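Notes to accompany the following structure.
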Amino acid sequence: MKKNTVLFLIAAAPLFPALSRFSAGLLLGVEFCLFFPVLLGIRKLLALCEIRRGFYLLTETVCLTLTASFYSGIIKWIFPVSALSLEFFFFAVPFVFLVFEMLAGFRPAAHHAPQNRENLFLLAAPALLLLISLVREILFFGIVSFPAVRTACFVSVLPPAALDFTRFFGSLPGSLVLTGLILWLVYCIGNRRSNALPKAGG
């Protein structure tokens, strides 16, 4: 799990520049969640058609990219202001998702919900990305922004004076430290819960 946690952190790195705003994290998180039913639907269809597993990754990449293109078009139409700087990241999410699923062991043969801790980490990834964007924006800008149709929409959380002490953790270098701390907390909580479960035959 420790090794995969580091790999998850590296895999999510392309999205870090966009995760400085909660509004961006919200839109990218919804896109990430959208890929789960799409992926399961693709795999069931491929299994029914008895397609060779060697074509799974190629088919998934094409279908997820098309889904990202469709999602990007909808977001541009509904939230043109928020989507203005996210076009690249909309198409980066499918590849981050594919790296996450390979690291988590979400294999072509697994047509059902994953069970082990790494796979559960994959399912929790959208929430983690959302949490990172929320904390970063509060610490760096002192606000929480939301997707906007025309004008910026945000709520002030921290006074400007407090930002002198918190801004580093909202910056791109500080976000790596912040993300590492969040992942460490998630790992500690998960490890404590697994140790608290009664052992079989005990």
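Which condition number does Val62 fail, the rest of (1) at pLDDT 90 or above; (2) open to solvent by less than 10 Å² (accessible area, probe 1.4 Å) being met? Failing condition for Val62: (2). Residue pairs whose Cβ atoms lie under 7 Å apart, separated by 6 or more positions or on different chains, with the first residue in the range 163-187 and touching a residue at least 24 places away in the same chain (Cβ under 8 Å) and more than 14 Å from Leu131 (Cα to Cα) and the second in a helix (DSSP H, G or I) and among the polar types (S, T, N, Q), are Tyr187/Thr5.
Looking at (1) open to solvent by 10 Å² or more (accessible area, probe 1.4 Å); (2) at pLDDT 85 or above; (3) under 20 Å from Ala127 (Cβ atoms), which is the one condition that is false for Gly73? Gly73 satisfies every listed condition except (3). Test Leu19 against the stated conditions and say whether it is within 20 Å of Val99 (Cα to Cα), touching a residue at least 40 places away in the same chain (Cβ under 8 Å) and open to solvent by less than 70 Å² (accessible area, probe 1.4 Å). So Leu19 fits the description; yes.
Note on the range 132-168: residues that are in a loop (DSSP other than H, G, I, E, B) and open to solvent by 40 Å² or more (accessible area, probe 1.4 Å) total 7. Report yes if Ile42 is touching a residue at least 12 places away in the same chain (Cβ under 8 Å), more than 26 Å from Ser175 (Cα to Cα) and over 18 Å from the mean Cα position of the chain (by Cα), otherwise no. It is true that Ile42 is touching a residue at least 12 places away in the same chain (Cβ under 8 Å), more than 26 Å from Ser175 (Cα to Cα) and over 18 Å from the mean Cα position of the chain (by Cα).
Criterion first (at pLDDT below 80 and either assigned to a loop (DSSP other than H, G, I, E, B) or open to solvent by less than 50 Å² (accessible area, probe 1.4 Å) (or both)) does Leu129 satisfy it? When the stated conditions are applied, Leu129 does not pass them. Of all the numbered requirements in (1) at pLDDT below 85; (2) assigned to a helix (DSSP H, G or I), His111 misses one, and that requirement is (2). Could you tell me which residue of the range 76-108 is least open to solvent (accessible area, probe 1.4 Å), considering only residues that are within 12 Å of Ala24 (Cα to Cα) and either modelled with pLDDT under 80 or of a type in the set (S, T, N, Q) (or both)? In this case the residue turns out to be Ser82. Checked against (1) closer than 15 Å to Val93 by Cβ; (2) surrounded by fewer than 15 Cβ atoms within 10 Å (Cβ to Cβ), Phe35 passes all but condition (2).
The values are calculated or read from the model by the stated rules, or taken from the named source; none is laboratory data. Computed from a predicted structure; not experimentally measured. Using ideal geometry, Cβ is built from the backbone for each residue, glycine included, and neighbour counts are taken over all protein chains shown. Heavy atoms of the whole protein, side chains included, go into the accessibility calculation; ligands, DNA and RNA do not. Shrake-Rupley method; radii C 1.70, N 1.55, O 1.52, S 1.80 Å.
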